[in-house]
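Below is one structure, written out as structure tokens; comments come after it.
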Amino acid sequence: MKTIIIAIMTTSIAFTACNSSNNKSAENNNAENNQTSTTTPSSNPTGEATPIKGIVSAYLNLKNALANDNSQAAANAANEFLEALNKIDKSSLTEGQKKVYADVADDAKEMAEHISKSADKIDHQREHFDMLSSDMYDLVKAFGTGQTLYRDFCPMYNDNKGVYWISETKEIKNPYLGKQMPTCGEVKEEIKQ
Ligand SMILES: [Cu+2]
């Protein structure tokens, strides 16, 4: 009788263990799917001050203004962004950087101009911020960041098409949904300086 009870107990323990290991592997799979990748822009291995430092800082001010639903501050930061963009010394750039700059600078300028002129229309600013964020991503990948940055993703914005942005904090502060849903989103990539 004892043997039977022990056998039953062993079986149920085996079952429990099996279930929990199944759960674990499902969790592991999820964790792998959501894994954050880490990259170091190859063009700036020394970590010297990046020529786009001012642009990055203006972009982050803009991002934080939108996260705070502050349309006027976003417009001001967009002007700051335009000034920083104009100040770039193109002669100091490598051939590769020149190419990326030529590809995205005009578009980034156009987006920042729209944002700077839309101080009373935060929805419109956020539409342009979507495209500006994609330009920013190309720029930090080619120029280095001068600091660790994060590429974040919000799956809900734009009729659930989703949208990216660049942040200086690991903590999510959503610039597209603002105070309505401040923590919606996740870190998709860590970009080392
Ligand atoms: Cu516009």
query: For segment 161-171, how many residues meet the condition of being assigned to a loop (DSSP other than H, G, I, E, B) and within 20 Å of S57 (Cβ to Cβ)?
result: 4
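Give me the residue from segment 97-153 that is polar (S, T, N, Q) and part of a helix (DSSP H, G or I) and, out of that set, nearest to the ligand (Cβ to nearest atom).
Taking segment 97-153 first, the residues polar (S, T, N, Q) are 97, 116, 118, 125, 133-134, 145, 147-148.
Still in the list and also part of a helix (DSSP H, G or I): 97, 116, 125, 133-134.
Details: Q97: 28, S116: 10, Q125: 8, S133: 15, S134: 16 Å.
The qualifying residue nearest to the ligand (Cβ to nearest atom) is Q125.
Does at least one position in segment 110-129 carry a residue that is among the hydrophobic types (A, V, I, L, M, F, W, C) and touching a strand residue (DSSP E or B) at 6+ places or on another chain (Cβ under 9 Å)?
yes
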task: With the checklist (1) of a type outside the set (V, I, T); (2) touching a Ser or Thr at 6+ places or on another chain (Cβ under 8 Å); (3) surrounded by 13 or more Cβ atoms within 10 Å (Cβ to Cβ); (4) over 16 Å from S118 (Cβ atoms) in hand, flag the one item S57 doesn't pass.
output: (2)
query: In this structure, is Y176 in a helix (DSSP H, G or I) and not small (G, A, S)?
result: no
- prompt: Looking at E127, E113, E83, which one is among the charged types (D, E, K, R), touching a Leu at 6+ places or on another chain (Cβ under 9 Å) and either over 27 Å from T38 (Cβ atoms) or surrounded by 16 or more Cβ atoms within 10 Å (Cβ to Cβ) (or both)?
  reply: E113
query: Looking only at residues in segment 87-96 that are without any contact (Cβ under 8 Å) to a residue 40 or more places away in the chain and in a helix (DSSP H, G or I), which one is nearest to the ligand (Cβ to nearest atom)?
result: K87
- prompt: Among the numbered criteria (1) in a helix (DSSP H, G or I); (2) crowded, with 19+ Cβ neighbours inside 10 Å; (3) within 16 Å of the ligand (Cβ to nearest atom), which single criterion is violated by N158?
  reply: (2)
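Only the coordinates and a few stated rules stand behind these numbers; no lab work does. What you see is a predicted model; the values in this text were computed from it and never measured. Cβ sites come from the backbone with ideal geometry, for glycine too, and all protein chains shown count toward neighbours.
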